[in-house]
Amino acid sequence: MESAGSVAVTVHTNDMWRDILHHYKSGTVDFGKRLFIKLSDAPAIDAGGVRRQVYSTVYNEFQCNKHIKLFTGPSHSLSPACTAEARSSGLFKILGSMVGHSIWQDGIGFPFFSFTNYIYIMEGEEKALQVCSDNDIGAGVAEVISKLQDIKTEDDGKEVMKDELIVDIMSRCGITMIANPSTKNIIVQDIITYEALFKHSKLLDQFVEGLKATSLYPLLRVFPTLFQPLFTFTELTSEEVQKSLIFPNEKSFIAQETIILCYLKKYIDECDSEGLKEFALSITGRISVLPKSIEIKFEADRMGTIATHSCSGEIIFPRQFEGDYEMFCSALKSVLSHDFNTY
C-alpha cells in the first residue's frame, strides 16, 4: 500500500516510458519521497519490485533510442547524440533527475555511459581529458585519425589535406593548422578530445543538472569508483548469477528438488547475456545481480508451476516437477518473459 512517504504514479505497461516521463516533467516531483507504482492494466502490487522493473525498463528504452534518439555509440558505451532534437528536448536533465531518484530509492542506475562520459559527469572536464581515447570515437573519425597518423612527409600532409572529410572534421573541431609530420599528433589529440568529450559536454551538463535535483550527487562525486557500476556497463555473467542464488537447506531436499536445482544451474550456464538480464529483471527488478540476492524456495502446493516475486527477490519452484530439462526451460522462460509478476 502507498505510505505517507511515497507518491502514487499510475503507468500502463505498454506505455510506461511516457507515463514515467510525464511524472518527471511535471515539475512537482518530491525527490525525498519514493514512487508507489500502480499498473493500470496488471494486478501487480508494488512493494518495490514493480518500481525497480519500471525504472529498468524505461532506462532500456532510453538506451536503445526507442522513442527519441538521445544516444549514439555502442549500446554498452553510450555518448549523447549531438542533434538539435536531443539538445532542445530537455530530456537529458529529466533523465538525470530520474536516475538520481531511482538510485536513491532502489540503487537502480543508468549503466550505459562510456567511461569517459562517466568521469566527466562525476569528476569534471580535467579528469575526463586524462582518460579519453580513440576508443570513444566513431569508426569514421577513427579512419580519419589513422590517415593523419600515417603522415610521414610534407607531401603526405598535403595529400591528406585534399580529403574533404578530413578537412571537415578538422574544421568542426576548431583546428586551423595544416597537417604535416610535426603537427599530426597535436591534430589527432585535438580531434579525439573534441569527438570523445567536448561535443557531448553540454548534454552531459544537462544530465548532471538533473542529478543535482536529488541530495545524492555530492555523495556520488565523493565515491566515483564505488558508484561506477551504476553508470557504466558490466557484462552480466552466468557465474555472477550463480553467486546470487540463495539455496535452501540441502539436508531437507527430496530427489525431485535436487533435479530441479541441477536444471536451474544448467539453464543459467547456457543463458546468453540477454537471457541473464531477463532472469535478473524478472526476479529482482534489476538487470544486474548482487551476491546472495535471489532466494530459491520450494512449495508443495504449486501444482507444477514456477513463480517469481521481484519485491522479495524470490523464485519459487514446485517440490514435484513432471518433465525433462527442455520442459523445465520452457516453463521457466514463460515465467521470466512475463512483464510483471510481483503480486
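Okay, here's what the table says:
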quantity: Qualifying GluC sites (Glu not before Pro) in the range 123-231, DSSP loop, other Cβ atoms within 10 Å at most 15; calculated: none
quantity: Neighbour-count ranking [beta-carbon atoms within 10 angstrom, fewest first] of L219, L70, L91, L226; calculated: L226, L219, L70, L91
quantity: Segment I316-S182, length gained on full extension (0.36 nm per residue, minus Cα span); calculated: 41.5 nm
quantity: Cα gyration tensor, the range 55-185 - rounded (a/c under 1.5), prolate or oblate; calculated: prolate
quantity: Label point distance in nm, T225-Q242, each placed 7 Å from Cα along Cα→Cβ; calculated: 2.8
quantity: Contour minus Cα-Cα distance for V7 and D272 (0.36 nm per residue); calculated: 91.7 nm
quantity: Karplus-derived HN-Hα couplings along the range 302-316 (A = 6.51, B = -1.76, C = 1.60, θ = phi - 60°), whole Hz, x at Gly and Pro; calculated: 8, 6, x, 9, 10, 9, 10, 9, 6, 4, 9, x, 10, 10, 10
quantity: Beta bridge orientation in the range 272-336: antiparallel %, DSSP, nearest 5; calculated: 40
quantity: The chain: calculated mean residue ellipticity at 222 nm from DSSP helix runs of at least 4, using -39500 (n - 2.57); calculated: -14500 deg cm²/dmol
quantity: Cα gyration tensor category, rounded, prolate or oblate, for the range 136-188 with a/c compared to 1.5; calculated: prolate
quantity: Separation of alpha-carbon centers, the range 244-317 and the range 135-149, rounded to whole Å; calculated: 45
quantity: Relative contact order (%) - the range 270-342, alpha-carbon pairs under 8 angstrom, separation at least six; calculated: 31
quantity: Label-reachable residues, the range 66-101, where backbone N falls under 19 Å from a point 7 Å from R172's Cα toward its Cβ; calculated: 69-74, 78-89
quantity: Ranking of M303, M161 by count of other Cβ atoms within 10 Å, fewest first; calculated: M303, M161
quantity: Of all DSSP beta bridges in the chain, antiparallel share, percent nearest 5; calculated: 30
quantity: Where labels lie 7 Å past Cα in the beta-carbon direction, separation of H67 and K33 in nm; calculated: 2.2
quantity: Stretch gain in nm, segment L165-K202, where the contour uses 0.36 nm per residue and the Cα spacing is subtracted; calculated: 10.9 nm
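All of the numbers you see were taken from the coordinates with simple rules; none came from a lab. Remember, predicted model here, so these are calculated numbers, not experimental data. In this analysis, Cβ positions are derived from the backbone assuming ideal geometry, glycine residues included, and neighbour counts consider all displayed protein chains.
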